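Here, each number is a calculation from the coordinates, and none is a lab measurement. Just so it is clear, the model here is predicted, and its values are computed rather than measured. Don't worry about glycine lacking a Cβ; one is built from the backbone with ideal geometry, like all the others, and counts go over all protein chains shown.
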Amino acid sequence: MTKSPFIDSANQVFATELAAIEEVQQFVDQQFAKACEIMFGCQGRIIVIGMGKSGHIGNKIAATLASTGSPAFFVHPGEASHGDLGMITKDDVVLMISNSGETQEVISILPVIKRLGAPVISMTGNPNSTMALNATVHLCVKVSKEACPLGLAPTASTTATLVMGDALAVALLEARGFTADDFALSHPGGSLGRRLLLTVADVMHQGDAIPMVDSHCTVKEALFEISAKSLGMTAIVDENIQLQGIFTDGDLRRIIEQKIDIHTTPITQVMTAKSTTARADMLAAEVLNIMETKRINGLIVVNENNVPVGALNTQDLLRAGVL
């Protein structure tokens, strides 16, 4: 089978851009550490500025910084010259991005920012450029060649810049002790927010919806409860309403194979004692991990006294968008 030239081109791009990332890693040095220190100590916002493709990369870097604990936003240099410079204060840190370091729209606002007294971190591919020489700190993102065979379209250079931006964001994230809970607060929408914010209490069935039978009942009576509550299981409790075990659809299949009389057999004889349980304050994503690891479809939720306060199964997690 003839290999497609499209695949050859794509593989060459991957090779070139991977090489560019390795090339730029040498510039993670004391200048990088100084830039992190300045950004970490920022009392305002991190303002990211870039034009063209650098602007698109800057927009993403600003978004990554903001979502990982370092308040930031992007300002277009053209708009900055027509009023948006008012968004920048002396308490901010300005991150300027340009591969050449000579982008006129960015350079034109550099004197105004320096007059404000805001520290400037430049990220360019030319350490001798105007932007590099006039910045408080310069981060070099120089690459040997672009993935574009014409050497014109920003490709490897924008990848290198993006990786350097990610490195800044992650270094700051770790320095701030940013946690998954902090991350969730800035991502409340979509599946990510649901996975990180939802607790068991948010999705579990409560009150009369909890499948629960007395430990003196028979298998048949337990089956009636399972059918009535439609969770594929029931809790078995003693006279103090403390959990003694659980009986599931899977348990039913096993006892049928053993030809056990469901009309007379006590539920305690076939239930699973010392069953896995959950707490209401656990993250739903954490419970999902437990269920997947133990290969179970449902859990009883208990309080500190081992009294059932809820129940949930994989369908509940699916409806909540956690699965």
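Can you pull the percent of Cα pairs in the stretch 1-92 with separation above 18 Å? For the stretch 1-92, the fraction of Cα-Cα distances above 18 Å is 64 percent.
Among Asn306, Asn134, Asn11, the largest mean-square fluctuation in a Gaussian network model of the chain, built with springs joining Cα atoms closer than 10 Å, belongs to Asn11. The convex hull defined by the C-alpha atoms of the stretch 21-166 has an orientation-averaged projected area of 7.8 nm².
Between Lys259 and Phe224, the distance separating the two model label sites (each 7 Å from Cα on the Cα→Cβ line) works out to 2.7 nm.
Per the Debye calculation on the stretch 55-104 with a single equal scatterer at every Cα and no solvent contribution, log₁₀ I(q)/I(0) for q = 0.29 Å⁻¹ amounts to -1.26. Positive contributions from Lys and Arg (+1) and negative ones from Asp and Glu (-1), summed over other residues with Cβ under 15 Å from the Cβ of Pro149, come out at -2. Within the stretch 273-323, the trypsin sites (Lys or Arg not before Pro) that combine a DSSP coil assignment with at most 14 other C-beta atoms in a 10 angstrom radius are Lys274, Arg295. What shape does the stretch 200-248 have by the C-alpha gyration tensor, where a ≥ b ≥ c are the square roots of the eigenvalues, rounded means a/c under 1.5, and otherwise prolate means a/b greater than b/c and oblate the rest? Oblate is the answer for the stretch 200-248, as a/c is 1.5 or above yet b/c matches or exceeds a/b.
For the chain, excluding the exposed loop sites themselves (GluC sites (Glu not before Pro), DSSP loop, at most 11 other Cβ atoms within 10 Å), the longest remaining stretch covers 1-238.
Normalising by the residue count of the stretch 1-133, find the relative contact order in percent from Cα pairs under 8 Å and 6+ residues apart.
This gives 22 percent for the stretch 1-133.
Our helix-only sum for the chain, with -39,500 (n - 2.57) per DSSP H run of n ≥ 4 divided by its residues, gives a mean residue ellipticity at 222 nm of -12500 deg cm²/dmol. Taking a straight line from the alpha carbon of Lys142, these lysines sit under 24 Å away, with near neighbours fewer than eight places off in the same chain left out: Lys34, Lys53, Lys60. Each residue of the stretch 82-95 was assigned a 3J(HN,Hα) from its phi angle through the Karplus curve 6.51 cos²θ - 1.76 cosθ + 1.60 (θ = phi - 60°); the sequence is 10, x, 6, 4, x, 6, 9, 10, 5, 7, 8, 10, 9, 9 Hz, with glycine and proline shown as x.
Its alpha carbons considered, the chain gives a radius of gyration followed by a Dmax of 29.6, 89 Å. When only alpha carbons of the stretch 259-319 are considered, Rg and Dmax amount to 13.8, 40 Å.
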